[in-house]
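A.B. asks: Pasting a structure here, questions to come.
The values are calculated or read from the model by the stated rules, or taken from the named source; none is laboratory data. For clarity, every value in this text was computed on a predicted model and none was experimentally measured. In this analysis, Cβ positions are derived from the backbone assuming ideal geometry, glycine residues included, and neighbour counts consider all displayed protein chains.
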Amino acid sequence: MRLTTALLSALFALAAASGCKQDHPECTRYVDLTIKCDDDMKAAPDGEQRQARMLMEGMCEEAYRNDTSAVSGEARQLVSQMYAELRERATCTASANSCAQYDKCTEDDTEN
């Protein structure tokens, strides 16, 4: 549990540090489709959707920067794995035009 808290704190700090600069349009597409297609996001109030959008866009941008210098130890490995998955999903959804295509890009490998 302690590692998870430390990891989340580091991720929030990294996302906040990224600010609003968007160098990767695939992140915007990924977040747009997440808001549109994910059942939990569709059901969330507008304020929560806006907050989630900001956080997800920041995390996605950080994933493409792939800078793990702010984390160490086991957390660094977890952040690296999460960044790789975010990049893969964002790259895949960049060409998605439907929720079905989004779902294929974001389905969990353990479900296959």
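A.B. asks: Taking region 68-107, which residues are assigned to a helix (DSSP H, G or I) and closer than 16 Å to His24 by Cα?
C.D. replies: First, pick out the residues of region 68-107 that are assigned to a helix (DSSP H, G or I): 73-93, 99-106.
Hits for region 68-107 are Tyr83, Ala84, Glu85, Leu86, Arg87, Glu88, Arg89, Ala90, Thr91, Cys92, Thr93.
A.B. asks: For region 38-65, what are the residues that are assigned to a helix (DSSP H, G or I), more than 19 Å from Val79 (Cβ to Cβ) and of a type outside the set (A, V, I, L, M)?
C.D. replies: Within region 38-65, Asp39, Asp40, Lys42, Asp46, Gly47, Glu48, Gln49, Arg50, Gln51, Arg53 meet the criteria.
A.B. asks: Of (1) among the aliphatic types (A, V, I, L, M); (2) at pLDDT 95 or above; (3) surrounded by 12 or more Cβ atoms within 10 Å (Cβ to Cβ), Ala16 satisfies all except one. Which?
C.D. replies: Tallying (1) among the aliphatic types (A, V, I, L, M); (2) at pLDDT 95 or above; (3) surrounded by 12 or more Cβ atoms within 10 Å (Cβ to Cβ), Ala16 fails exactly one: (2).
A.B. asks: Scan region 61-90 for residues that are of a type in the set (S, T, N, Q) and touching a helix residue (DSSP H, G or I) at 6+ places or on another chain (Cβ under 6 Å) and jot them down. Lay out the reasoning, then the answer.
C.D. replies: Applying the first criterion (of a type in the set (S, T, N, Q)) to region 61-90 yields 66, 68-69, 72, 77, 80-81.
Scanning region 61-90 gives Asn66, Thr68.
Let's see how each residue does on (1) within 15 Å of the chain's Cα centre (by Cα); (2) under 22 Å from Gln101 (Cβ atoms); (3) in contact (Cβ under 8 Å) with a residue 24 or more places away in the chain:
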position	(1), (2), (3)
Glu48	no, no, no
Arg53	yes, yes, no
Met59	yes, yes, yes
Ser69	no, no, no
Ser72	no, no, no
Val79	yes, no, yes
Met82	yes, no, yes
Arg89	yes, yes, yes
